[in-house]
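This report refers to the structure that appears directly beneath it.
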Amino acid sequence: MRRLSPILILGLGSLWGLNTSLMKMAGLEGVAAIGLTTLQMSGAGIILWAFCRFRGVHLKFDRDHMFYYFVVGIIGTAVPSANLANSLRELPAGVMVLAIATVPLLTYLGSLIFRMERFDVGRLIGVLLGLGGVLLIVIPSTSLPEPEDTGWFLIGLLTPLFYATSSIAAAKLRPANAESAGLAAGMCLMIAIVLWPLSLAVGQDYVPDFSMLGLADLCIAIVAVNTCLAYILFFELIRAVGPVSISVVGYVVTLTGILFGMFFFAETHSWWVWGAAGLIFMGLAFVNGRQAAGAIMNTVRQ
């Protein structure tokens, strides 16, 4: 596992990068954001539950676990996922991937606020570079395909903000002696239980017609399987090489997300967007790139 970690990190980032384009494709086929997120988490939760049964991992539903599922699952996963699906209906997949790439930068800022990280000038420079990349997308009127897309991009930025909040909450609220796979399964199932009645109430439910499955159904099925595989791969890599090494997956997600968007939707981007991508990549490198790359090389040598 350690020697294969660079290849597995590439695979993990590719799964997440592909999901962005698949979610956009399902949305363009008419699947509403909440309905899409509901099916994604339902499928992933069932597969992860079966995986836990196979591994002998018991799902727990005591007070601490339920609070964890609610905060990390509903607030930190379901809400940003639905917002991502909704924003992708209006924005290029490559642009939304750049927004998601700011998660490590926002996580570092939040960790400073909660005193989980030490202040470092280099990492602060990284955060400012990432902010500069976001401004290159927001400020110029010609950076996005349509001028009104700026408003959608600002709404889309809520997704990385919630994801960063989820990362901090996951570290602060993790129950003692909890199994990672069990937490993932319980979280996905909790999301599904909450979202099914909500999707019905707001008229955004989506149930596939199994007698005549279409492109949207195929996309949702792949997204659910990808989500499950990504969770399992993520937890196994955490166990094998540690969280620092995993942080470079953000580079892979950004790059593959842009490439998949160009492949599936023939997306083209302005020089402002490419400049923003460069600044965000530089920001990630300042925040955690050097440390993560060094950690990967150390584990491969062992």
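Summary of values
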item: Accessible heavy-atom area order of LEU189, LEU48, highest first, probe of 1.4 Å; result: LEU189, LEU48
item: Square roots of five times the Cα gyration tensor eigenvalues for segment 17-66, Å; result: 29, 14, 9
item: Segment 45-190, accessible area per residue, ligands and nucleic acids excluded (1.4 Å, Å²); result: 49 Å²
item: Carbon plus sulfur fraction of accessible area for segment 94-175, probe 1.4 Å, in percent; result: 68 percent
item: Cα gyration tensor category, rounded, prolate or oblate, for segment 1-125 with a/c compared to 1.5; result: rounded
item: For ALA26, net neighbour charge (Lys/Arg +1, Asp/Glu -1) across residues whose Cβ lies under 15 Å away; result: -3
item: Alpha-carbon radius of gyration plus Dmax, which is the widest Cα pair, for the chain in Å; result: 18.7, 59
item: Rounded to the nearest 20 debye, dipole of the chain from Cβ charges on Lys, Arg, Asp, Glu; result: 1280 debye
item: The chain - percent relative contact order, Cα under 8 Å, separation 6 or more; result: 43 percent
item: Value at 222 nm in deg cm²/dmol, rounded to 500, when DSSP H runs of n ≥ 4 in the chain each add -39,500 (n - 2.57); result: -23500 deg cm²/dmol
item: Debye, to nearest 20: dipole size of segment 1-124, +1 on Lys, Arg Cβ, -1 on Asp, Glu Cβ; result: 420 debye
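The values are calculated or read from the model by the stated rules, or taken from the named source; none is laboratory data. Keep in mind that this is a model prediction, so the values were computed, not measured. In this analysis, Cβ positions are derived from the backbone assuming ideal geometry, glycine residues included, and neighbour counts consider all displayed protein chains. SASA here: full protein model, heavy atoms, side chains in, ligands and nucleic acids out. Shrake-Rupley method; radii C 1.70, N 1.55, O 1.52, S 1.80 Å.
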